[in-house]
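*Asks:* Dumping the structure here so I can ask a few things about it.
The values are calculated or read from the model by the stated rules, or taken from the named source; none is laboratory data. What you see is a predicted model; the values in this text were computed from it and never measured. Please note: Cβ atoms are built from the backbone with ideal geometry, for glycine as well, and neighbour counts cover all protein chains shown.
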């Protein structure tokens, strides 16, 4: 039996146990505060913030919260992300550690500026 894919971030968060929901809400609120003009959607089955293109994604896995600020977002904060497992465009924040919300804020703001600059260039 297939579980229906969530169509909103609220539905996505509601599908998890309360302890995980609290972490997901913290991620959402942090990203929303860093990019208040971004819209929310579900993309690739994950909560996504969109501003002049996809900004950042986040999602839950068994052992961590995944944060996906694209390869540029990871590269620009490589040193600060060093304590976390990360890939080309992702970082993993283990469930047994506090979320680095200050870092999430700065990465989101970095991506916001990047998308604004890209959009301004296109308009010229």
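*Asks:* Going by the conditions given, is residue 112 assigned to a loop (DSSP other than H, G, I, E, B), more than 19 Å from residue 44 (Cα to Cα) and touching a strand residue (DSSP E or B) at 6+ places or on another chain (Cβ under 9 Å)?
*Replies:* Values: assigned to a loop (DSSP other than H, G, I, E, B): no; more than 19 Å from residue 44 (Cα to Cα): yes; touching a strand residue (DSSP E or B) at 6+ places or on another chain (Cβ under 9 Å): yes.
Criteria not met by residue 112.
*Asks:* Does residue 99 fit the bill of being in contact with a helix residue (DSSP H, G or I) (Cβ under 8 Å, 6 or more places away or on another chain) and part of a helix (DSSP H, G or I)?
*Replies:* The answer is no for residue 99.
*Asks:* For residue 39, which of the numbered conditions (1) without any contact (Cβ under 8 Å) to a residue 12 or more places away in the chain; (2) under 14 Å from the mean Cα position of the chain (by Cα) fails to hold?
*Replies:* (1)
*Asks:* Would you confirm whether any residue within the range 67-77 is in contact (Cβ under 8 Å) with a residue 24 or more places away in the chain and within 13 Å of residue 24 (Cα to Cα)?
*Replies:* Yes, the conditions are met somewhere in the range 67-77.
*Asks:* Going by the conditions given, is residue 55 out of contact with any helix residue (DSSP H, G or I) (no Cβ under 6 Å at 6 or more places or on another chain), surrounded by 12 or more Cβ atoms within 10 Å (Cβ to Cβ), at pLDDT 95 or above and under 30 Å from residue 123 (Cα atoms)?
*Replies:* Against the criterion (out of contact with any helix residue (DSSP H, G or I) (no Cβ under 6 Å at 6 or more places or on another chain), surrounded by 12 or more Cβ atoms within 10 Å (Cβ to Cβ), at pLDDT 95 or above and under 30 Å from residue 123 (Cα atoms)), residue 55 does not qualify.
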